[in-house]
Amino acid sequence: ATLYEKAGQFEDAASIYIKAKNFVAAQPLLAKVTAPKLHLQFAKAKEAEKDFRTAMQEYEKGKDLDSVVRIALDHVRQPEKAFAIVRKFQSAQGAEMAARYCQSVSDFRGAIEFLLLAKRNGDALELATAHDTMEVYESALGADGSPDDYNNIARFYETKQQFSKAAEFYGICGQFHKALKLYLQCNEIDKAIEVVGKAHSEMLTHT
């Protein structure tokens with residue numbers, strides 16, 4: 001390893017040091033190494049030693065972002081770092097870990113957001129319904145939902161007798177007759193006229 005180091009072959013030297021568990025010698029060499037594999041080997045070794053902060057840094061250099069999220073949530077109490085990574089890279093596995101963490105601390109708004117990122121729309125809807133936070137669900141869903149997703153939102157608001165909101169989401173999922181009926185029921189004539197126009201346009205598009 002020393003010969004490799006003197007020859008400037010830092011990856012080879014670092015690899016030998018890591019295999020020999022000589023982490024003190026390996027760590028400074030890793031700053032000169034770009035190979036993700038070596039950073040991941042070192043990260044796993046440091047995690048086994050419960051040096052979680054170093055492990056997290058090395059997992060990040062090794063591009064194993066799900067492990068960064070896991071350690072940030074489970075060991076070093078840096079949830080915001082984990083959340084930022086999940087939002088940026090949209091990993092389903094990372095999103096599931098973030099959702100579990102949020103539920104464990106009763107942050108149901110965060111849990112709904114991350115369940116949707118994990119493509120677990122049904123679980124997110126169930127949570128939003130149970131904790132009366134449908135506005136979080138609809139905001140996180142944005143324009144990425146299916147007709148069923150928007151129909152579920154509409155039904156939720158209809159059961160709450162929030163008929164204007166229900167009509168809005170019935171309109172989004174193409175159930176124009178229900179949207180029209182509810183807008184008329186709450187005397188929102190302008191919106192009712194918009195729905196008629198949209199329904200007519202959709203009918204023309206599909207003929």
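A few points about this structure:
- For the stretch 153-162, the count of residues that are of a type outside the set (A, V, I, L, M, F, W, C), modelled with pLDDT of 95 or more, crowded, with 20+ Cβ neighbours inside 10 Å and closer than 27 Å to Arg109 by Cβ is nonzero.
- Taken together, the criteria place Tyr183 among residues that are aromatic (Phe, Trp, Tyr) and either farther than 29 Å from Gln90 by Cα or in contact (Cβ under 8 Å) with a residue 24 or more places away in the chain (or both).
- If you go through the stretch 86-118 and keep only what is open to solvent by less than 30 Å² (accessible area, probe 1.4 Å) and either of a type in the set (Gly, Ala, Ser) or over 14 Å from His131 (Cα atoms) (or both), you end up with Val86, Gly94, Ala95, Met97, Ala98, Ala99, Gly110, Ala111, Phe114, Leu115, Leu116, Ala118.
- Only one entry of Ala140, Ala154 meets the criterion of being in a helix (DSSP H, G or I), within 25 Å of Ile85 (Cα to Cα) and within 29 Å of the chain's Cα centre (by Cα), and that entry is Ala140.
- Between Gly122, Gly145, Gly197, Gly174, the distinction of being open to solvent by less than 80 Å² (accessible area, probe 1.4 Å) and closer than 30 Å to Gln78 by Cβ belongs to Gly122 only.
- Selection within the stretch 55-78 - out of contact with any Leu (no Cβ under 6 Å at 6 or more places or on another chain) and open to solvent by less than 20 Å² (accessible area, probe 1.4 Å): Ala55, Met56, Glu58, Tyr59, Ser67, Val68, Val69, Ile71, Ala72, Leu73, Val76
The values are calculated or read from the model by the stated rules, or taken from the named source; none is laboratory data. Because the structure is a prediction, the values reported are computed rather than measured. Cβ coordinates were reconstructed from backbone atoms using ideal geometry, including for glycine residues, and neighbour counts include every protein chain displayed. Accessible surface is based on the protein model in full, side chains and every heavy atom, while ligands, DNA and RNA are left aside. Shrake-Rupley method; radii C 1.70, N 1.55, O 1.52, S 1.80 Å.
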